[in-house]
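Report on one structure; see the data block that follows.
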Amino acid sequence: MKVGKTFKVKFRRRRLNKTNFKKRLGLLKSKTTRLVIRRTNSSNIIQLIDFVKGNDLTLVGVNSKKLSEFGWNGNTKNISAAYLTGLLAGKMALQKNIKKAVLDIGLNTPISGSRIFSALKGVIDSGMEINAGEKAFPSEERISGKHIELYANSLTESELQNKFGAIIKKGFNVKQFTKEFEKVKTNILNMK
């Protein structure tokens, strides 16, 4: 009688493409707080997580929707919002005396200039120590939304309403995007 190979079922989170356990184990072996950055269709989520007694303990958690408390009425899923969310998460981490972390992007593909690296730049600009190469970050003009401002200024009023009507109703001035960005950035940096 021929004996076949035993089939080993992968962990459920691996089968569902939610966790790469090999990568996770490497991050946990560093024994450093993980900076977890996730993006959704409507927001950016940043958490600082420690592994304690077999479980993950969230030390700081920020969703880009929290930016409205600092005066941000714009889109919460773009590169500018990701940077501001990272800046806010970094400031909150420093208040809890967390000064160093290692980046965890999960199953996301690392693409230079993406929302993930914009958020990472925000965390680093807050004063936290995280190893990262400068090539991965988007340009300062892109982070501040200069390209959006230029585009908005090239549109007619009806086109502007069609493209940005939802955030204009909230009181966001798209034609002065960089001013709006700098105002919120200042509010976050001055937070106590």
#### Entry: Every residue from the range 135-169 that is without any contact (Cβ under 8 Å) to a residue 40 or more places away in the chain, touching a Phe, Trp or Tyr at 6+ places or on another chain (Cβ under 8 Å) and under 15 Å from ALA82 (Cβ atoms)
ALA136, PHE137
### Query
Among the residues of the range 34-53, is any of a type in the set (Ser, Thr, Tyr) and surrounded by fewer than 18 Cβ atoms within 10 Å (Cβ to Cβ)?
yes
### Task
Determine, yes or no, whether ASP56 is farther than 29 Å from GLY165 by Cβ, of a type in the set (D, E, K, R) and either under 11 Å from the mean Cα position of the chain (by Cα) or assigned to a strand (DSSP E or B) (or both).
yes
### Residues (hydroxyl-bearing (Ser, Thr, Tyr) and within 20 Å of LYS65 (Cα to Cα)) located in the range 85-116
THR85, SER114
### Query
Got a number for residues in the range 176-192 being part of a helix (DSSP H, G or I) and open to solvent by 70 Å² or more (accessible area, probe 1.4 Å)?
5
#### Entry: Filtered residue count, the range 61-105, keeping only those that are out of contact with any Leu (no Cβ under 7 Å at 6 or more places or on another chain), part of a strand (DSSP E or B) and open to solvent by less than 50 Å² (accessible area, probe 1.4 Å)
1
### Task
Among the residues of the range 106-133, write down those that are open to solvent by 50 Å² or more (accessible area, probe 1.4 Å) and in contact with a strand residue (DSSP E or B) (Cβ under 6 Å, 6 or more places away or on another chain).
GLU129
### Query
For the range 136-175, which residues satisfy the criterion of being part of a helix (DSSP H, G or I), open to solvent by 60 Å² or more (accessible area, probe 1.4 Å) and over 24 Å from PHE117 (Cα atoms)?
ASN153, SER154, GLU157, SER158, GLU159, GLN161, ASN162, LYS163, ALA166, LYS169, LYS175
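The values are calculated or read from the model by the stated rules, or taken from the named source; none is laboratory data. The model shown is predicted, which means the values in this text are computed figures rather than measured ones. Positions of Cβ are backbone-derived with ideal geometry, glycine not excepted, and every protein chain shown enters the neighbour counts. Side chains are part of the model used for accessible areas, which takes the heavy atoms of the whole protein and leaves out ligands, DNA and RNA. Shrake-Rupley method; radii C 1.70, N 1.55, O 1.52, S 1.80 Å.
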